[in-house]
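One structure is given below, encoded as structure tokens.
The values are calculated or read from the model by the stated rules, or taken from the named source; none is laboratory data. Since this is a predicted model, take the numbers as computed values, not measurements. These area figures cover heavy atoms from the full protein model, side chains too; ligands, DNA and RNA do not enter into them. Shrake-Rupley method; radii C 1.70, N 1.55, O 1.52, S 1.80 Å.
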Amino acid sequence: MTRWLGVALLPRADHTRAAIRLQQSLGSDRPLQPLLSEDGNLPHLTVFQGPFEDDLDPERELARIGASASLPGQLWLASVGIVYQPTGWLFMSVERPALLEKLQEVVLAGLAPHLDRQAFDTSKDTSRFTESERVSFDRYGYRYTGDAYAPHITLGRTDEATALELVRTAPERTHVPDGWTFDRLSFYVMGEHGAHAEKLAERPVAAV
């Protein structure tokens, strides 16, 4: 049976709450979906997500990733800003240092053999993807890998017109923190719009 799973960096507790407040203030009169919360859809920065075969063991793979990635005890990433992404997405975009690119490479090296490639959505409309995003999607079933990797905290999704309006008025609606501190790695079950719906495994960012 195919399981739709992901690997993510989770913000420190206070930055988790800050991301939730950011979503609430940005979409105060036009709520974004899915709603973020501390006990539901967790704010997160996806490293990779996709359809996996049953033979994947989240606990084992997360331990391997943590041991191989050589990450610090906490990872601080500067905010780039609230951005629009077709179609209808609002992202809290963050910087993409070499350390984060290396983390994704480690994740892909270990998880790619477990992908259920028959489950890739070959009917998906990729007309608004960049060329790098199309290459990534064809190869891994996920839009953001390699040159196309765009690290972000998803703030939610809405209709196109509303998304564009919220991005335009974001400076009036909310305050964007200077950066975000991540202290945990998570293996999770994907929910609505790729949300972090259920945690299967968690470990500190740094190898212990």
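Before moving on, here are some points about what is shown:
- Over the chain, relative contact order from alpha-carbon pairs under 8 Å, at least 6 apart, %: 38
- Of (i) 41; (ii) 35; (iii) 50, the label for percent of Cα pairs over 25 Å apart derived from the coordinates: (ii)
- Legend: helices of the chain (whole DSSP H runs) are marked when their alpha-carbon atoms reach 27 angstrom or more along the helix axis and their mean Kyte-Doolittle hydropathy is at least -0.5; nothing is marked.
- Accessible surface of the stretch 63-121 [probe 1.4 Å, protein heavy atoms]: carbon and sulfur percent: 54
- Gyration tensor verdict on the stretch 155-208 (Cα atoms; rounded if a/c is under 1.5, prolate if a/b is larger than b/c, oblate otherwise): oblate
- Per residue, the solvent-accessible area of the chain (1.4 Å probe, heavy atoms of protein chains only, all protein chains present) comes to 46 Å².
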